[in-house]
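Quick notes on the structure that follows.
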Amino acid sequence: MNALGILKDIIGSLTTILISLVALGVVAGVVFGGNVPFVGGVLDNLLGLVMSLGDAGLVGLIVLAVLLDMYKS
């Protein structure tokens, strides 16, 4: 059981790092434009995700609620 706890901690840490990198990519894309290496597509991908969830209507809202609940846990 201890191995599962360690794995859960590692996955949680990696998720936190990746979310921070996405936030950094969004900020860099807004400040410097879309031509920044390694972050040019982050803002476009995030906007595409938001648009696809918005186009899905109620299902998109439910998916967003589930994702936010998973993030809080």
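For this structure, a couple of remarks:
- Of the set (1) surrounded by 12 or more Cβ atoms within 10 Å (Cβ to Cβ); (2) assigned to a helix (DSSP H, G or I), all apply to Lys8 but (1).
- Qualifying residue in the stretch 15-22 (condition: modelled with pLDDT under 80 and either surrounded by 10 or more Cβ atoms within 10 Å (Cβ to Cβ) or out of contact with any Pro (no Cβ under 8 Å at 6 or more places or on another chain) (or both)): no
- Residues located in the stretch 25-40, provided they are surrounded by fewer than 13 Cβ atoms within 10 Å (Cβ to Cβ) and in a helix (DSSP H, G or I): Val30, Val31, Phe32
The values are calculated or read from the model by the stated rules, or taken from the named source; none is laboratory data. Keep in mind that what you see is a predicted model, and the values were worked out from it rather than measured. Because the Cβ atoms are built from the backbone with ideal geometry, glycine has one as well, and the counts that use them run over all protein chains shown.
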